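First up is the structure itself, then whatever we jot down about it.
Nothing in this text is a laboratory measurement; each read-out follows from the coordinates by a stated rule. All values reported here derive from a predicted model rather than from experimental measurement. Note: ideal-geometry Cβ built from the backbone for every residue, glycine included; neighbour counts use all protein chains shown.
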Amino acid sequence: MPDGEQDYAALVQLWDDFLYWQDPQSAGKEKSLVDVAGLETDVYPDYSAQAIAARLRELREFQGKLDDFSVSDWPRRQQVEFLAVRAKMDEEEFTLRVSKPWSRDPGFYVDRMLRLTFTELPVSGEALAEFERQLDAVPGLAAQGKSNLTEVAADYADLAIFNLSNSDGVGHGFPYRAAPPPGVLGWYEDLLERARGRQPELVAQIETARTAVASFRDWLIDNRSDMKGNAGVGKEAFDWYLKHVKLMPYTSDDIVTLGQRELDRLWSLYALERHRNRDLPEIRISGSAEEYQSRIDETDAIIRRFLVDEEIITIPEYIGELSTNVPWIVRDGGPNFWEQVQYRDPTPDHLHAVIPGHRFDAVVERNNPHPIRGRIADGARVEGWAVYLEEAIMNAGLLDDKPRVRELIYLFGIFRAARMPADVWLQLNVMNAEQVADYWIERVPYLDRDVARVDAEIYLRRPPGYGLGYTTGMLQMQGLLAARKRQLGAAFRLKDFHDEFMAAGRLPLSLIRWEMTGSDEDIAAFWSREPLPAD
């Protein structure tokens with residue numbers, strides 16, 4: 001542990017300064033632009049080599065201050081926060097020196113071209129000024145891409161070219177259209193059509209932006225033969241990332257083994273459940289939006305009542321309606337994977353993504369005033385908690401009278417587990433996105449090509465390790481639950497465990513385990529920081 005002179009208050013100030021340096025808009029918890037991978041962005045900073053070099057020098061100044069904190073004198077709770085802050089700075093270094101999406105991934109620019117097309121028209125006032133600012137920035141963004149993309153990975157190039165001219169078939173977060181527009185360029189045509197009827201004074205600006213996007217697509221196609229790089233970061237860099245950024249006590253080899261074992265476990269449970277239920281009728285898919293909404297409303301009421309009656313977790317007074325994560329969509333080819341499950345019974349995704357999963361978790365985080373814990377979120381903590389809930393709440397008794405829904409819980413788990421080894425193989429360049437989609441389709445019932453391709457893209461293009469974080473985080477959650485039960489024995493209360501966990505914030509799970517149990521077996525090695533093997 002560092003044994004310097006700066007106190008804890010100085011760490012809080014350093015974290016505040018770092019967040020403002022990263023993104024002045026989101027540092028104040030204001031809503032900034034969000035790209036297709038869920039990352040906050042600006043419109044549009046400079047990503048030139050000179051700008052990135054300057055950015056790295058500025059980051060070094062933040063990192064250089066870390067050794068001067070008196071961490072060894074702090075209580076464990078504050079030592080936990082120090083490691084969480086350092087990990088976020090290491091993540092920024094990894095992005096600047098290894099991931100480098102502005103020079104390796106054309107989708108980095110394509111994502112930023114897409115989102116503004118979802119704007120509802122007519123628009124006025126400050127919203128209009130912001131919308132026009134975004135439109136006017138698109139030609140410059142396209143020019144930046146052509147200049148900065150000097151080491152493009154083949155997989156990234158193919159995905160970007162596809163997304164520019166083809167619907168992804170899933171539309172995560174996209175406005176609903178009965179006939180989905182063909183890719184980013186199709187969404188510009190959709191925006192133009194709406195502008196002609198509702199706000200014609202914007203047509204010229206939209207056409208200029210669309211021309212720039214089309215030019216970027218043509219540039220990618222013309223130069224595709226020169227784009228031969230690997231999309232994955234390689235084993236040495238990935239293992240460093242797992243340790244120093246994700247703060248996971250596992251190597252990439254460990255995660256492949258754990259994932260394959262978990263996939264077998266869930267398939268065996270699914271087989272046994274199917275056998276147990278062999279004489280029961282299958283669950284029928286909802287026949288209409290109204291029937292589906294009725295099932296959601298009923299599910300929400302049942303889950304909330306169960307959480308209270310069975311003393312599972314505290315529901316704060318500020319938790320209100322949380323909606324749903326899977327809207328009603330009629331597709332020509334029938335429901336996709338998520339809809340095959342959700343339209344039969346909303347329970348699996350409601351636990352995962354609504355309550356007490358993502359939406360509940362996010363509202364709790366927004367109401368956390370802590371200057372560090374209220375402004376930090378680890379992906380494996382967020383997804384691990386949500387996946388843990390699916391099987392945990394089922395095993396606590398929620399679905400004792402719904403055996404066919406238990407099968408759907410296992411189906412969700414199978415897909416999450418299949419991501420673990422595949423996410424590693426993507427980063428180690430053992431498989432490309434298409435091969436991973438094939439691997440999943442062979443192993444996951446109901447999985448369709450569109451969802452498989454989109455998920456492979458998301459987990460390849462997000463910061464490394466996001467896809468494996470679902471089941472790896474779930475395994476860490478199960479380990480924490482087991483450790484706490486062993487510690488407390490007869491005094492253990494599930495509601496207290498979950499409340500204490502939620503109060504810890506969305507820090508990496510290894511840190512939460514250390515804080516809650518006092519055992520440092522998962523984090524002892526993190527104090528020795530090795531240099532990033534890059535450049």
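Averaging the sequence gap over all C-alpha pairs within less than 8 Å and six or more residues apart, then dividing by the number of residues, gives the chain a relative contact order of 17 percent. Once you have a ≥ b ≥ c as the square roots of the Cα gyration tensor eigenvalues for the stretch 200-297, tell me rounded if a/c is under 1.5, and otherwise prolate or oblate according to whether a/b is larger than b/c. Oblate, because a/c is 1.5 or more while a/b does not exceed b/c.
Here are several values of Cα extents along the principal axes in Å: [x] 65, 64, 44; [y] 70, 66, 47; [z] 64, 53, 47. Which one was derived from the coordinates shown? Recomputing Cα extents along the principal axes in Å here picks out [y]. For Gln6, the residues 5 or more places off, or on other chains, whose built amide H falls under 5 Å of its own are Phe69, Ser70.
Listed highest first by mean packing, meaning other Cβ atoms within 10 Å per residue, what order do 66-73, 152-159 come in?
Numbers: 66-73: 16.4, 152-159: 22.9.
Descending mean neighbour count gives 152-159, 66-73.
Spatially, the stretch 265-319 and the stretch 121-140 are offset by 43 Å when compared through their Cα centroids. The order of the peptides 357-367, 375-385 by mean Cβ neighbours within 10 Å, most packed first, is 375-385, 357-367. Summarising the label geometry, the points placed 7 Å from Cα in the beta-carbon direction at Arg76 and Ala179 lie 6.2 nm from one another. In order along the stretch 372-379, phi translates into HN-Hα couplings of 10, 5, x, 9, 8, 8, 9, x Hz, rounded to whole numbers, per the Karplus curve 6.51 cos²θ - 1.76 cosθ + 1.60 with θ = phi - 60° and x for Gly and Pro.
Using a cut-off of 21 Å between Cα atoms, the listed pairs Lys402/Lys485; Lys65/Lys100; Lys100/Lys146; Lys100/Lys228 include Lys402/Lys485; Lys65/Lys100 as exceeding that distance.
Of the trypsin sites (Lys or Arg not before Pro) in the stretch 243-301, the ones in a loop by DSSP (not H, G, I, E or B) with at most 15 other beta carbons within 10 Å are Arg278, Arg284. Distance from the alpha carbon centroid of the stretch 465-520 to that of the stretch 181-246 works out to 39 angstrom.
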